[in-house]
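Nothing in this text is a laboratory measurement; each read-out follows from the coordinates by a stated rule. Bear in mind that the values here come from a model prediction, so they are computed numbers and not experimental data. Quick reminder, even Gly has a Cβ in these numbers, built from the backbone with ideal geometry, and neighbours come from all protein chains shown.
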Amino acid sequence: MDEPTVPGVVVPCRLLGVIEATQRPIRDTRSLRGTRNDRLIAVAHQSHRHGHCRSLRDLGDGVLVEMERFFVFYNQQKGVRFTPLRRAGAAAARRVVAVGRHAAPA
């Protein structure tokens with residue numbers, strides 16, 4: 001799927017990986033660690049542009065660098081320091097999803 005959708009539409013996706021990251025308020029000098037705020041990376045099953053992608057490697061380093069810069073800039077505008085820690089594959093992304101499912105209220 002390569003076109004915009006309306007809010008609330010469920011788009012079947014394939015999980016490629018995760019950008020593990022921390023974030024903290026920029027003015028917070030007491031907390032050096034920050035809070036984990038990982039970003040899942042997925043592509044729509046019906047994507048013409050990214051339909052071939054099965055891993056983060058398939059996206060290419062340029063796309064991933066652009067995504068990380070976007071998250072850094074976006075959070076900076078909200079007064080938050082976003083720090084990418086590492087990139088990990090689909091297995092790590094599935095673990096992040098599983099942890100989130102267990103943490104979510106029933």
### Summary
In the stretch 42-75, anything closer than 17 Å to R86 by Cα, without any contact (Cβ under 8 Å) to a residue 24 or more places away in the chain and over 13 Å from the mean Cα position of the chain (by Cα) is listed as R57, G60, D61, G62
#### Entry: Counted residues, the stretch 1-41 - those being under 11 Å from F82 (Cβ atoms) and of a type in the set (A, V, I, L, M)
3
### Query
Considering only helices (runs of 4 or more DSSP H) fully contained in the stretch 3-106, which possess at least 1 residues that are surrounded by 11 or more Cβ atoms within 10 Å (Cβ to Cβ) and acidic (D, E)?
56-59, 61-77
